[in-house]
């Protein structure tokens, strides 16, 4: 078995990192630590040093979802190692973000239950290949935070008809829409459908989630 690079968010259950290095031959550990968890990260690094496991701390800032997606995407692109994500080591939000980041990047991930590891299924959100030019143009319009208080507004800004807007947002039996892909959120406000980018939608535009080539 090749040695693994273990990525782990730093949070309430950081001790679960030691279960993973016991179960997997570990080349190194990369800790994703928000500023308020840097002390915990440094203490964990000192403990891992005793096991002669090289450890790097990456400080993450801002929105925890975007930060974790960004770092995982960078590591996948530039790190030649065999990457795995320990999703159990963070707090509630960072654990969810780490799990999602593993899924959308097609990386192996695992959770820790007691003293045992549970491998998570390797998923790949291949439906992103179905994002055509028109859907992507709508996402770019919605990146403007002032848009869109209604589907009418999105229609005017995009130059698309309302039926076409509805098709791209809601999809049909043969094609998924941006809403079912999880890339936009809708909310009824004063009788109008307000539409905005979801967190995955924002991250897709920022390049943290890569659209697959057809």
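Show the residue pairs that are 6+ apart or on different chains and have beta-carbon atoms under 6 Å apart, the first residue being within the stretch 124-145 and more than 17 Å from residue 171 (Cα to Cα), the second being loosely packed, with under 15 Cβ neighbours inside 10 Å and modelled with pLDDT under 90.
Within 6 Å, the pairs are 124/106.
Tell me, which residue of the stretch 181-209 that is surrounded by 14 or more Cβ atoms within 10 Å (Cβ to Cβ) and assigned to a loop (DSSP other than H, G, I, E, B) is farthest from the chain's Cα centre (by Cα)?
Out of the qualifying residues, it is 181.
State which residue pairs qualify: first residue at pLDDT 95 or above and inside the stretch 42-57, second residue exposed (fewer than 12 other Cβ atoms within 10 Å of the Cβ) in any location, beta carbons under 8 Å apart, and separation of 6 or more residues or different chains.
55/49
Restricting attention to the stretch 22-44, and to residues there that are in a helix (DSSP H, G or I) and in contact with a helix residue (DSSP H, G or I) (Cβ under 7 Å, 6 or more places away or on another chain), which single residue is nearest to residue 56 (Cα to Cα)?
Checking each candidate, the answer is 44.
Which residues, taken from the stretch 148-174, are in a loop (DSSP other than H, G, I, E, B) and either loosely packed, with under 14 Cβ neighbours inside 10 Å or touching a strand residue (DSSP E or B) at 6+ places or on another chain (Cβ under 7 Å) (or both)?
148, 149, 150, 159, 161, 172, 173, 174
Can you tell me which residue within the stretch 100-114, out of those that are out of contact with any strand residue (DSSP E or B) (no Cβ under 6 Å at 6 or more places or on another chain) and at pLDDT 85 or above, is farthest from residue 8 (Cα to Cα)?
Taking the candidates together, the pick is 114.
Restrict the check to the stretch 160-175 and report whether at least one residue is out of contact with any helix residue (DSSP H, G or I) (no Cβ under 6 Å at 6 or more places or on another chain), modelled with pLDDT under 90 and closer than 17 Å to residue 143 by Cα.
no
The values are calculated or read from the model by the stated rules, or taken from the named source; none is laboratory data. Treat the numbers as computed from the prediction; the structure is a model and nothing was measured. Methodologically, a virtual Cβ is constructed for each residue, glycine included, from the backbone with ideal geometry; neighbour enumeration extends over all protein chains shown.
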